[in-house]
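*Asks:* I am attaching a structure below and will ask some questions about it afterwards.
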Amino acid sequence: MKIRKISLALLSISFLLGGSVFAQKSNVVSAAVAYQSYMRSIMGQNLDKAKSDLEDAKKYIDPTMTNEDTKDDPKANYYNAVINYSMIELASSGKFDDLKKYVSDSTLDVVAASAKKTENSSRWNGELKDFFKRKVYQATTVGKMMFDKKKYKMAFAGFLGAYKLKKMVGLDKGL
C-alpha cells in the first residue's frame with residue numbers, strides 16, 4: 001500500500017515537472033510561429049499587424065529566458081535574439097512611440113547574451129549568423145547609398161551600425 005502511494009506521488013511529481021518543460025518548449029514554438037507571422041507582415045508592409053505579431057512573439061519568448069529548462073536552450077536563445085533585435089528595428093521605424101523603450105543598450109545586451117548562448121549549436125548559431133549577415137548587408141547598403149548621395153553623416157551611421165552589429169554577434173571574428 002505504501003509503495004503504491006509513493007509510486008503515485010513520484011509519478012505526479014515527474015508529470016508536473018515534465019509539464020513545465022513541455023510548457024516552456026511550447027512557448028518557444030509559439031514564439032517562432034508568431035515571429036514568422038511578423039516576417040510575413042513586414043514583407044507585406046503591414047506595420048500594425050507586424051507590431052502585434054512581434055509583441056505576441058515577445059510575450060511567448062520572455063518566460064523561456066527565465067525558466068531553468070529553456071534559458072540556455074540554443075533554439076530559445078536564437079528566437080530571443082531575433083525577436084528582441086526586431087523590436088529595436090520596429091521601434092526605430094518611428095511609427096510606434098510605445099516601442100521606443102526597446103531602443104536601448106539593455107535590449108542590445110539581451111541580443112548579445114542570447115547570441116552567445118547559441119554558439120554551441122551549429123544549427124542555431126548558423127541561423128543567427130545568417131540573420132545578422134543580412135542585417136549587416138542592409139546597413140552597409142544604406143551606408144553606401146547615403147555616401148553616394150553625399151549624405152556623409154547618414155552614411156557614417158549606416159557603416160557604424162553594421163560594424164557594431166558585426167562586433168556584437170561575433171561576425172568580426174571571421175565567418
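*Asks:* Pairs under 7 Å by beta carbon, first residue closer than 14 Å to Ala50 by Cβ in the range 88-109, partner of a type in the set (Lys, Arg), six or more apart or different chains?
*Replies:* Leu90/Lys51; Ala91/Lys100; Phe96/Lys51
*Asks:* In addition: Just checking, which of Lys71, Lys49, Lys59 is in contact with a helix residue (DSSP H, G or I) (Cβ under 6 Å, 6 or more places away or on another chain) and either of a type outside the set (Asp, Glu) or modelled with pLDDT of 95 or more (or both)? I'd like the intermediate steps shown before the answer.
*Replies:* Numbers: Lys71 fails: in contact with a helix residue (DSSP H, G or I) (Cβ under 6 Å, 6 or more places away or on another chain); Lys59 fails: in contact with a helix residue (DSSP H, G or I) (Cβ under 6 Å, 6 or more places away or on another chain).
So the residue among Lys71, Lys49, Lys59 that is in contact with a helix residue (DSSP H, G or I) (Cβ under 6 Å, 6 or more places away or on another chain) and either of a type outside the set (Asp, Glu) or modelled with pLDDT of 95 or more (or both) is Lys49.
*Asks:* Could you pull out the residue among Ser86, Ser37, Ser26, Ser52 that is within 24 Å of Leu165 (Cβ to Cβ) and among the small types (Gly, Ala, Ser)?
*Replies:* Testing whether each residue is within 24 Å of Leu165 (Cβ to Cβ) and among the small types (Gly, Ala, Ser) leaves just Ser86.
*Asks:* Sticking with this one: For the range 114-154, which positions are farther than 16 Å from Ser86 by Cβ, part of a helix (DSSP H, G or I), open to solvent by 60 Å² or more (accessible area, probe 1.4 Å) and of a type outside the set (Ser, Thr, Tyr)?
*Replies:* Lys116, Arg123, Val142, Lys144, Met145, Phe147, Asp148, Lys153, Met154
*Asks:* Exactly one of (1) over 24 Å from Ala34 (Cβ atoms); (2) in contact (Cβ under 8 Å) with a residue 40 or more places away in the chain is unmet by Ile83. Its number?
*Replies:* (1)
*Asks:* Across the range 36-63, what is the total count of residues that are of a type in the set (A, V, I, L, M, F, W, C) and under 14 Å from the mean Cα position of the chain (by Cα)?
*Replies:* The total comes to 4.
*Asks:* Could you list all residues from the range 62-88 that are open to solvent by less than 50 Å² (accessible area, probe 1.4 Å) and of a type in the set (D, E, K, R)?
*Replies:* Residue satisfying the conditions is Asp73 alone.
*Asks:* Would the range 134-154 turn up any residue that is in contact (Cβ under 8 Å) with a residue 40 or more places away in the chain and closer than 30 Å to Asp62 by Cβ?
*Replies:* yes
*Asks:* Pick out the one residue from Ala91, Ala50, Ala57, Ala31 that is open to solvent by less than 20 Å² (accessible area, probe 1.4 Å), out of contact with any His (no Cβ under 7 Å at 6 or more places or on another chain) and within 16 Å of Leu128 (Cα to Cα).
*Replies:* Ala31
*Asks:* Going by the structure shown, is Ser106 part of a helix (DSSP H, G or I), open to solvent by 50 Å² or more (accessible area, probe 1.4 Å) and at pLDDT 95 or above?
*Replies:* no
The values are calculated or read from the model by the stated rules, or taken from the named source; none is laboratory data. On a predicted model such as this, the values are computed, not experimentally measured, just so you know. A quick note on method: Cβ atoms are made from the backbone with ideal geometry, for glycine too, and the neighbour counts reach across all protein chains shown. Quick note on the areas: whole protein, heavy atoms, side chains included, nothing else; ligands and nucleic acids left out. Shrake-Rupley method; radii C 1.70, N 1.55, O 1.52, S 1.80 Å.
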